[in-house]
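The values are calculated or read from the model by the stated rules, or taken from the named source; none is laboratory data. Quick caveat, the model's predicted, so the values are computed rather than measured. Cβ atoms come from the backbone with ideal geometry, glycine included; neighbour counts cover every protein chain shown.
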Amino acid sequence: MRFGRPIRIIISLFLIAAVLAVAAVIILYMNFSPEEVKYGTSGEALKYFHSTYGECRTAFRLYSEKLKEKYDGTEISAVRVESKRDTSLYIDYCYVPARVFPERLLILTSGVHGVEGFAGSAVQLMFEEELAGSTIDDKTGVLLIHAVNPFGFKYNRRVSENNVDLNRNCSSDGKLYSSRNLGYELFERMLNPEGSPGFEDAGYYLFPLTTILKIARYSEKNMRQAILQGQYGYPDGLYYGGNSLEQENREVTGLIKRFAAEYGMIFEIDLHTGYGKRGNLHLFPNPVEDDKVKKDIEYLFSGNKIDWGNSDDFYTITGNLSSYIGEILPGKYYLPMVFEFGTLDSQTLMGSIRSLHNMIIENQGFGYGYASKEDSLSVAGIIREMYYPSSEAWRSKILADSRKMLSEALTKFKNMPAREADNQ
């Protein structure tokens, strides 16, 4: 009996400590914000950024017309994306052929994840205005594909109108669509809750705690890989890759096959935002099996860290556009790269949880509706800021980093000896 009081005290202290720990996690989470970019703003950089899909599209066509005035044979056109709610969704493109002997082709794509297209469009405009002239020559041509996912671009979503993540949707033989992501299934109920988002519910505030407990069980790396890899069993869920090739990717397939046909070497850069340290340009391709290709990619971006998906901070995905382009161009020597402009410090624990939570709430609200117009507008603002930060310092820095990295890589690409694919 004499031990009863001390035990009760210990239990009470433990419960108090547990409550304080939970409160601390919730407070840290609710007050989380990424470290702001320290970089001087540049009016020359900011002129490339626009506020709507329509403005970006108009600007892309205007800058493309400037190239057409300078280079004979330039083709500017668009393909319309079918939609049940909007007849003005287009994938625009601009192709400038090599002057004499087509040997090398640069492909620069934007907006595969719709709302990420704002930054991607700005980089493409900068390229057209500042770097195209030093890239295009007798042997080197350029293909710019703008707004691969115009629906998501216009309506503030990462996915297509069919809720398909176009960067998980690419498969040359269709086998991908019947595959299972067993890891995703472990977290499916957490990722795809039913009903309207409850911003006042306890579950909303406890989300960071429940996620941390899952991380403790499965590890952050394993959980990230399972969730973000792509899944093909839950059509209304996050990171759904579809059950067949979406129209947008079919159209892009046709464009790339047509314009790449006469070139032997292809260098593709796909532009994305969201993942990683805020303001940093991360080089984030999927793993490359060909050692010669990998060595050449490392040469093109020498002096910069390339994350091949095997670090604790990043992950690999299935059905991505960059890898798929290599599959549809047999016999070509193909060099893929993904530029990922970090926005929310998702390499940190709180940043990664916040990113995931934002995506869950947005998808839940889109599927089940919001309790109020205010909630809808609030989430729309959160998603836009997550993928297209309003910070002028962020915008200026990603333009400066893109300019430098593209300039250096393209100079090396143009001077590389002619390569042939091993599968010819």
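Beta carbons closer than 6 Å, at least 6 apart along the sequence or on distinct chains, pair a first residue in the stretch 204-233 that is closer than 21 Å to LEU182 by Cβ with a second that is of a type in the set (Asp, Glu) for LYS221/ASP312.
Residue by residue, here is whether (1) in contact with a Ser or Thr (Cβ under 6 Å, 6 or more places away or on another chain); (2) closer than 24 Å to THR273 by Cα holds:
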| position | (1), (2) |
| --- | --- |
| VAL19 | no, no |
| ASN31 | no, yes |
| PHE49 | no, yes |
| LEU67 | yes, no |
| ARG85 | no, no |
| SER88 | no, no |
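With the condition kept exactly as written, say whether any residue in the stretch 266-283 is farther than 24 Å from ALA147 by Cβ, surrounded by 17 or more Cβ atoms within 10 Å (Cβ to Cβ) and among the hydrophobic types (A, V, I, L, M, F, W, C). Looking through the stretch 266-283, none of the residues is farther than 24 Å from ALA147 by Cβ, surrounded by 17 or more Cβ atoms within 10 Å (Cβ to Cβ) and among the hydrophobic types (A, V, I, L, M, F, W, C).
Let's see how each residue does on (1) in contact with a His (Cβ under 9 Å, 6 or more places away or on another chain); (2) without any contact (Cβ under 8 Å) to a residue 24 or more places away in the chain:
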{"residue": "LYS332", "(1), (2)": "no, no"}
{"residue": "MET337", "(1), (2)": "no, no"}
{"residue": "LEU344", "(1), (2)": "no, no"}
{"residue": "ILE361", "(1), (2)": "no, no"}
{"residue": "GLN364", "(1), (2)": "no, no"}
{"residue": "SER376", "(1), (2)": "no, yes"}
{"residue": "ARG384", "(1), (2)": "no, no"}
{"residue": "TYR387", "(1), (2)": "yes, no"}
{"residue": "ASP401", "(1), (2)": "no, no"}
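Evaluated against (1) surrounded by 21 or more Cβ atoms within 10 Å (Cβ to Cβ); (2) closer than 28 Å to GLU251 by Cβ; (3) over 15 Å from the mean Cα position of the chain (by Cα); (4) of a type in the set (A, V, I, L, M), ILE328 falls short on exactly one condition, (1). Of the residues making up the stretch 395-424, those that are closer than 18 Å to PHE301 by Cβ, polar (S, T, N, Q) and at pLDDT 95 or above number 3. In the stretch 191-204, what residues are surrounded by fewer than 16 Cβ atoms within 10 Å (Cβ to Cβ) and assigned to a helix (DSSP H, G or I)? Answer for the stretch 191-204, where residues must be surrounded by fewer than 16 Cβ atoms within 10 Å (Cβ to Cβ) and assigned to a helix (DSSP H, G or I): ALA202, GLY203, TYR204.
Among the listed residues TYR53, TYR95, TYR71, TYR63, identify the single one that is among the hydroxyl-bearing types (Ser, Thr, Tyr) and touching a Pro at 6+ places or on another chain (Cβ under 7 Å).
Working: TYR95 fails: touching a Pro at 6+ places or on another chain (Cβ under 7 Å); TYR71 fails: touching a Pro at 6+ places or on another chain (Cβ under 7 Å); TYR63 fails: touching a Pro at 6+ places or on another chain (Cβ under 7 Å).
Matching residue, one of TYR53, TYR95, TYR71, TYR63: TYR53.
Contact map, the stretch 1-28: residues that are surrounded by 10 or more Cβ atoms within 10 Å (Cβ to Cβ) paired with residues that are modelled with pLDDT of 75 or more and of a type in the set (A, V, I, L, M, F, W, C), Cβ distance under 6 Å, separation 6+ or inter-chain. Pairs shown: VAL22/LEU209; VAL25/LEU209. One residue stands out among those in the stretch 217-265 that are in a helix (DSSP H, G or I) and of a type in the set (Phe, Trp, Tyr): the one that is nearest to ASN149 (Cα to Cα), which is PHE259. The single condition among (1) assigned to a loop (DSSP other than H, G, I, E, B); (2) modelled with pLDDT of 95 or more; (3) surrounded by fewer than 23 Cβ atoms within 10 Å (Cβ to Cβ); (4) of a type outside the set (Lys, Arg) that GLY319 does not satisfy is (3). Taking (1) at pLDDT below 95; (2) buried (at least 16 other Cβ atoms within 10 Å of the Cβ); (3) assigned to a helix (DSSP H, G or I) in turn, ASP313 satisfies each apart from (3). Filtered by the rule that a residue be surrounded by 11 or more Cβ atoms within 10 Å (Cβ to Cβ) and either basic (Lys, Arg) or touching a residue at least 40 places away in the same chain (Cβ under 8 Å) (or both), the stretch 31-43 gives PHE32, PRO34, GLU35, GLU36, VAL37, TYR39, THR41, SER42.
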